[in-house]
Ligand SMILES: NC(=O)c1ccc[n+]([C@@H]2O[C@H](COP(=O)([O-])OP(=O)(O)OC[C@H]3O[C@@H](n4cnc5c(N)ncnc54)[C@H](O)[C@@H]3O)[C@@H](O)[C@H]2O)c1
């Protein structure tokens with residue numbers, strides 16, 4: 001299972017990411033985070049060398065970026081054969097700008 005966690009460098013998201021990677025060896029996680037003042041890479045410390053972890057700095061409102069991260073899948077829970085199964089855990093960051 002591949003999991004996209006937006007806002008994953010924040011308080012809740014990062015704890016969720018550590019939990020998933022330590023408890024679910026069959027999961028891989030991509031964190032999409034804009035690293036606003038609330039985002040801190042320290043919250044994700046120790047994961048950089050984990051092959052099941054990837055960090056992407058960016059805005060959840062950037063549809064092109066989100067599509068690239070999900071390999072062209074239009075929705076996070078797409079089951080298109082190209083993408084295996086994506087499940088997303090969305091933490092709507094408190095500080096995100098209004099969707100364009
Ligand atoms: N912390 C709590 O006790 C609590 C309780 C209930 C609900 N919530 C909700 O959960 C969500 C996350 O809370 P938290 O405490 O982890 O927040 P946080 O502020 O610690 O983390 C938010 C993260 O989102 C990132 N971010 C902000 N705007 C972004 C954007 N446009 N694109 C990508 N990333 C962006 C920030 O860089 C940060 O890493 C919020 O919506 C909050 O309201 C939090």
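Looking at the stretch 41-70, which of the residues that are assigned to a loop (DSSP other than H, G, I, E, B) and over 19 Å from residue 15 (Cβ atoms) is farthest from the chain's Cα centre (by Cα)?
Within the stretch 41-70, the first condition is being assigned to a loop (DSSP other than H, G, I, E, B), and the residues that meet it are 45-52, 58-62, 70.
With the extra rule that they be over 19 Å from residue 15 (Cβ atoms), the set shrinks to 49, 51, 58-59, 61-62, 70.
Details: 49: 16, 51: 15, 58: 10, 59: 11, 61: 13, 62: 13, 70: 10 Å.
The qualifying residue farthest from the chain's Cα centre (by Cα) is 49.
The single condition among (1) away from the ligand (no atom under 11 Å from the Cβ); (2) under 15 Å from the mean Cα position of the chain (by Cα); (3) modelled with pLDDT of 85 or more that residue 25 does not satisfy is (2).
Count of the stretch 55-64 residues, restricted to those that are modelled with pLDDT under 95 and more than 7 Å from the ligand (Cβ to nearest atom), is 3.
The values are calculated or read from the model by the stated rules, or taken from the named source; none is laboratory data. Here the structure is a predicted model, which means the values were calculated and not measured. Neighbour counts run over all protein chains shown; Cβ positions are idealised from the backbone, glycine included.
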